[in-house]
1. Counting only residues that are in contact with a Pro (Cβ under 7 Å, 6 or more places away or on another chain) and not in a loop (DSSP other than H, G, I, E, B), how many does the stretch 74-96 have?
2. Show me the helices (runs of 4 or more DSSP H) entirely contained within the stretch 158-242 in which 1 or more residues are of a type in the set (Phe, Trp, Tyr) and open to solvent by 20 Å² or more (accessible area, probe 1.4 Å).
3. Considering only residues that are among the aliphatic types (A, V, I, L, M) and modelled with pLDDT under 90, look in the stretch 126-157 and name the one that is surrounded by the fewest Cβ atoms within 10 Å (Cβ to Cβ).
4. Going through the stretch 1-45 one residue at a time, which ones are closer than 22 Å to residue 99 by Cβ, open to solvent by 60 Å² or more (accessible area, probe 1.4 Å) and either hydrophobic (A, V, I, L, M, F, W, C) or assigned to a helix (DSSP H, G or I) (or both)?
5. Would you mind finding the one in 80, 97, 71 that is without any contact (Cβ under 8 Å) to a residue 12 or more places away in the chain, under 22 Å from the mean Cα position of the chain (by Cα) and within 27 Å of residue 152 (Cα to Cα)?
Amino acid sequence: MLLGYNTNGLAHHRLDDALALLADLGYGGVALTLDVGHIDPLRATAAEVQAVARRCDALGLARAVETGARFVLDPRNKHFPTLMEASAVDRAKRVDFLVRCAAIATDLGAEVVSIWAGAAPAGVVGDGVGGDGVGGIGAGGGGAKGGADDGLWQRLVDGVEALLARTAQLPVRICFEPEPGMFVERPAGYLELVRRLGERGVGADRLPLTLDVGHLLCTGDLPVPERIVELAPHLRHVHLDDIANGVHEHRPFGEGDLDLAGTLAALERVGFGGMAAVELSRDSHRGAAMAEEALRRIDAARA
């Protein structure tokens, strides 16, 4: 398992300074959120991207690419457009953006590109937590299968299928992250997406899972270590953060309810060999201190 840190938690640092900081602290990787301040995916030149790749090589930092920049496509509307928009034109803009991110990831020497669904109109969720929301991956109000408008599922499946087809020749793996508040917010929804893609002949290996362990605390998919074991066959990329009282606000370790030691032990037990990147997107104002503290807590939890 390779420990990394997401640059969305170092948004006030120059990228070169952020990379040097992470290497100096002892991180082995960096999850690069392509954004207006760090490799603008719409404006960065090939030379700029290659310079970042060389710098990471010199610092010994592996790379992953994250696509969750908030206003990179629209200055007024967060995350707009997503794969869930009513307009096919808008959905195509998101696919084009993700294809461009995958091309940049290739030039960076990254192994994975992480994506998500986006929020559906009226907040419809394709894998909503029902009942007590606690227990196995399929827990909840009947699971994801058939639990949401098939038209919304078709939007998502169409978009992901198009993305996978257009990036098939690139040496990067597209990974899907369930995100609280979005159409797919639980692992059950990810598995439903994989099932629906499979009906179109797209193998499960084409869309592995990005698992944010804090999100499991939001959706009640507990205990976290057990969910990691169950999802291990799909797992390719991990986000590490704490969550308090089920509220979707990423917190430093120790400020929420995450069993960090148990989580890390489970990742090691299943032989996870990808990047596990700390994601503290609300803490850029104290980013250097948080990056150092996160690694200290991880080391202590693994001791």
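The values are calculated or read from the model by the stated rules, or taken from the named source; none is laboratory data. For clarity, every value in this text was computed on a predicted model and none was experimentally measured. Every residue, glycine as well, gets a Cβ built from its backbone with ideal geometry; the counts of neighbours run over all protein chains shown. Ligands, DNA and RNA are stripped out before the accessible areas are found, and what is left, the full protein with its side chains, is counted by its heavy atoms. Shrake-Rupley method; radii C 1.70, N 1.55, O 1.52, S 1.80 Å.
1. Counting residues in the stretch 74-96 that are in contact with a Pro (Cβ under 7 Å, 6 or more places away or on another chain) and not in a loop (DSSP other than H, G, I, E, B) gives 4.
2. Working: elements: 187-198, 213-219, 224-231.
No helices (runs of 4 or more DSSP H) qualify here.
3. 134
4. Within the stretch 1-45, 36, 42 meet the criteria.
5. Numbers: 97 fails: without any contact (Cβ under 8 Å) to a residue 12 or more places away in the chain; 71 fails: without any contact (Cβ under 8 Å) to a residue 12 or more places away in the chain.
Step by step, each of 80, 97, 71 is checked, and only 80 is without any contact (Cβ under 8 Å) to a residue 12 or more places away in the chain, under 22 Å from the mean Cα position of the chain (by Cα) and within 27 Å of residue 152 (Cα to Cα).
Residue-by-condition table, conditions (1) in a helix (DSSP H, G or I); (2) farther than 17 Å from residue 10 by Cα; (3) in contact (Cβ under 8 Å) with a residue 40 or more places away in the chain:
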| position | (1), (2), (3) |
| --- | --- |
| 249 | no, no, no |
| 257 | no, yes, yes |
| 271 | no, yes, no |
| 294 | yes, no, yes |
| 297 | yes, yes, yes |
